[in-house]
Amino acid sequence: MHISQIRQQLKAVPIFKELSPEELDPIIEIAQPRFFKNKMYAFMQGDPLDRVFFIHSGKVKIYKTDSSGREQIVSVLETGEMFPHAGFFRKGQYPAHAEMMEDTQMIVVPISKFEEILVAYPELSIKLFRVLGEKIIDLQARLEEQILHNTYEQIIMLLLRLCKTNGEKLEHGFKLTTHFTNKEFANMIGTSRETVSRTINYLKKKDFISVDHDGCYLIDHEKLHQELF
């Protein structure tokens, strides 16, 4: 890939968007364009943590597995996002799996080299810390959901959260741009597929959600919010 194309892809990443050409040059020098086919892995849980990824196009599912093989989906990341969010300035292992949900184009940067750039450009470090701060707040909110709310409420909260992270704003509500199965919904909040299926059918009967001709969920965000609060 030509340097101008790498520059264009990096400029599309939010934390790099406002950097000058001179500030972006050191990152371009260490950036490696990579193409991953659907179902490929960027890394597996437990692999040595040595690279950071920036998504130019496509979708990546981040999930953890326990000793019995049960899956816990952490997030589905889309264009402009980076991962992993843990691992800077320390040695360790990737805490989860990163699997492509469709053909995906990414920029890969060695963490050790990226850390040197963060030290050299404090304003970039501040932007990164803001991203990490938002992730911490999101994780705190998810923990509160599991502690303070029943499963029905957690499913509604999940749908509302996905409107923001994996949704497209429509005139009336949101459209989820990622095709999620009931099993994947269940794996995001630690419940069963059957429970999610019953809840989804109930929400459909109340006209809170529907499915379009492409199989994407259409969500009446306002009605769901009123149902919850």
| GNM, the chain, Cα, under 10 Å: largest mean-square fluctuation among 64, 91, 11? | 91
| field | Rounded Å value of the spacing that divides the Cα centres of segment 1-79 and segment 97-115 | value | 3
| said: Helix-only mean residue ellipticity at 222 nm, the chain, DSSP H runs n ≥ 4 weighted -39,500 (n - 2.57), per residue, nearest 500. What is it? | reply: -13500 deg cm²/dmol
| said: What number results when the radius of gyration of segment 43-135, computed over Cα atoms, is divided by 2.2 N^0.38 Å? | reply: 1.10
| message | Which of rounded, prolate or oblate describes segment 122-164 when judged by the alpha-carbon gyration tensor and an a/c cut-off of 1.5? | response | oblate
| Nearest 10 degrees, 0 to 90: helix 111-120 Cα axis against the chain principal axis | 70
| query | Given Cα pairs under 8 Å that are at least 6 residues apart, what percent is the relative contact order of the chain? | reply | 19
| said: Show log10 I(q)/I(0) for segment 17-56 at q = 0.15, 0.29 Å⁻¹, two decimals, from a solvent-free Debye sum over equal Cα scatterers. | reply: -0.53, -1.14
| Charge dipole (the chain, unit charges on Cβ, about Cα centre) - positive-most of 65, 94, 112 | 65
| field | Percent of Cα-Cα distances greater than 28 Å, calculated over the chain | value | 36
| Using a simple charge model, +1 on the beta-carbon of Lys and Arg, -1 on the beta-carbon of Asp and Glu, nothing else, what dipole does segment 82-229 show about its Cα centre, in debye to the nearest 20? | 320
| What residue among 38, 150, 182 has the largest mean-square fluctuation in a Gaussian network model of the chain, using Cα springs under 10 Å? | 150
| query | Loop-only check: which GluC sites (Glu not before Pro) in segment 164-199 are DSSP coil with at most 15 other Cβ within 10 angstrom? | reply | 171
| task | Send over the per residue convex hull volume for segment 61-188, Cα only, as a whole number of Å³. | result | 151
| note | For the chain, the accessible surface attributable to carbon and sulfur atoms (probe 1.4 angstrom, ligands and nucleic acids excluded) amounts in percent to 53
| Once the Cα gyration tensor of segment 169-229 is diagonalised, semi-axes √(5λ) in Å | 19, 15, 11
| query | Say the dipole of the chain comes from +1 at the beta carbon of Lys and Arg and -1 at that of Asp and Glu; which of 136, 188, 19 then lies farthest toward its positive end? | reply | 188
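The values are calculated or read from the model by the stated rules, or taken from the named source; none is laboratory data. Because the structure is predicted, anything quoted here is derived from the model rather than measured. Ideal geometry is used to build each Cβ from the backbone, glycine not excepted, and the neighbour counts take in all protein chains shown. Remember, those area values only see protein heavy atoms, side chains included, never the ligands or the DNA or RNA. Shrake-Rupley method; radii C 1.70, N 1.55, O 1.52, S 1.80 Å.
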